Amino acid sequence: MVEIITIGLDIAKSVFQVHGVDASGSVVLRRQLRRAEVLTFFGGLPPCLIGMEACGSAHYWARQVGALGHEVRLLPPAHVKPYVKRGRKNDAADAAAICEAVSRPHMRSVPMKSAEQQSMLMLHGVRDLLVRQRTMLICALRSHLAEFGITAGQGKGNFAKLVAQLESEEGAALPELARSALRLIAAQIDDGNAKIEAIEKEIVAAHRAEEASRRLASIPGIGPIIASAIAASVPDPAIFKSGRQFAAWLGLVPSQNSTGGKERLGRITKTGNRYLRRLLVIGATGLIRYKRKNVPGGLDWLNRLLAKKPVRLVTVALANKMARIAWALLCRGGLYSEPTVAAAA
């Protein structure tokens, strides 16, 4: 039998496509597998390199196939796309492209997450979904009341004022049908608040039980929510060579359009993990808004930057610095300490 060295596996809900090559790069395997056949098939193969796209259910299959003795690498879909032959977009072509991409010596892979890390990220995803739904409901309640001339200040904190006006004498003048509909929205918002609070308690409890997450929370601007999300999203920080590379993975570095030795920098790339990038920017915004003294990089650095740059640009720069510090703590251990304290020591 010809020994299979590398396999590209295109995963799906029910039909999986397999593409295998030998040591010379010749194609020796092309076939489809039903979902129930996947583990049986790979269990009968000698250990080899298997590539998959880092998409839905990829981490589950990576853990299952890796437990059979194979080396599994998850590849970003954007890195696989250049290897897809033009005009041949199908499962077989995708599997062949994955097989070709995973064999490249400098191809970067996505760290495989454990079931516990995926559970934590799922908790974050549910919280984020509920927060967005609550925002939509508050905006709907505000706009509906405005149709009858009832308004309140912007922000989540003024929601109680809106509900109070709905039940006040001013709200009693509304048609009963309108009041009935708006009460349903208000009840849904209250229910969402209770669920969000319950999820946040679970996240904080898990954060306190995780050593890496507790160390990350020592960074100013990073609390239990951000710390637990970073710890769960980055199983192995050693895959990044530096803090700058980690910040680039989060999309917090300027895009480049340089040529001829002339450097041209544009807006941030906004690639990578959108959720972590948003959380870090929110944390940096809070630091700048409340002008806390323990700012990463020092308050003098922040004030000099604010004197000559727009606030939003400074916010992103601070989020970039927070990301670099987070990578350093994940790699080297320890807690965050102020630059002046470190210098004195």
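The values are calculated or read from the model by the stated rules, or taken from the named source; none is laboratory data. Treat the numbers as computed from the prediction; the structure is a model and nothing was measured. Ideal geometry is used to build each Cβ from the backbone, glycine not excepted, and the neighbour counts take in all protein chains shown. Surface areas here come from the heavy atoms of the whole protein model, side chains and all, with no ligands, DNA or RNA. Shrake-Rupley method; radii C 1.70, N 1.55, O 1.52, S 1.80 Å.
The table below gives the values:
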| read-out | value |
| --- | --- |
| Helix 91-102 vs. the chain, principal-axis angle (Cα, 0 to 90°, nearest 10) | 90 degrees |
| Per residue accessible area in Å² of the chain, where ligands, DNA and RNA are left out and the probe is 1.4 Å | 57 Å² |
| Per-q log10 I(q)/I(0), the stretch 170-267, q = 0.22 Å⁻¹ (Debye; single scatterer per alpha-carbon; no solvent) | -1.13 |
| Average Cα contact separation per residue, the stretch 31-80, under 8 Å, 6 or more apart, as relative contact order % | 41 percent |
| Of all accessible heavy-atom area on the chain, the percent that carbon and sulfur account for (1.4 Å) | 55 percent |
| Placed amide H near Ser255: partners under 5 Å, 5+ positions off or other chain | Gly266, Arg267, Ile268, Thr269 |
| Area of Ser14 that stays accessible when all protein chains are in place (1.4 Å probe, Å², to 10) | 60 Å² |
| Value of relative contact order over the chain, rounded to a whole percent, pairs C-alpha under 8 Å and six or more apart | 12 percent |
| Net charge, Asn320 excluded, C-beta distance under 12 Å - Lys, Arg +1, Asp, Glu -1 | +4 |
| Per DSSP, loop trypsin sites (Lys or Arg not before Pro) in the stretch 1-80 with at most 16 further Cβ within 10 Å | Lys13 |
| DSSP bridge pairs, the chain: antiparallel proportion in percent, nearest 5 | 65 percent |
| Members of Lys113/Lys308; Lys201/Lys321; Lys13/Lys85; Lys113/Lys201 lying beyond 30 Å, as alpha-carbon distances in this model show | Lys113/Lys308 |
| Helix axis angle, 224-233 relative to the chain longest principal axis, alpha carbon, degrees | 10 degrees |
| Surface/4 of the Cα convex hull for the stretch 230-345, nm² | 8.6 nm² |
| Modelled FRET efficiency - R0 25 Å, Arg63 with Glu202, Cβ distances, 0.05 increments | 0.60 |
| Using alpha-carbon coordinates, inclination of helix 299-308 to the longest axis of the chain, degrees | 80 degrees |
| Computed over the stretch 132-256: relative contact order in percent, which uses C-alpha pairs under 8 Å that are six or more apart | 16 percent |
| For the chain, built as a Gaussian network whose Cα springs stay under 10 Å, the top-fluctuating residue of Leu75, Leu123, Leu33 | Leu33 |
| Hull-based mean projected area of the chain, where the convex hull spans the alpha carbons, in square nanometres | 25.6 nm² |
| When the convex hull of its Cα atoms is projected in every direction, mean area for the stretch 26-123 (nm²) | 7.3 nm² |
| Tensor-based shape of the stretch 78-231 (alpha-carbon gyration tensor, a/c under 1.5 rounded, otherwise prolate or oblate) | oblate |
| Label-point separation, Ser14 to Ala238 (7 Å along Cα→Cβ), nm | 4.3 nm |
| Those trypsin sites (Lys or Arg not before Pro) in the stretch 225-262 that DSSP places in a loop and that have at most 10 other beta carbons within 10 Å | Lys241 |
| GNM flexibility winner over the chain from Pro310, Pro224, Pro76 (Cα, springs under 10 Å) | Pro310 |
| The stretch 109-190, Rg to Rh (Cα coordinates; Rh as Kirkwood inverse mean 1/r) | 1.23 |
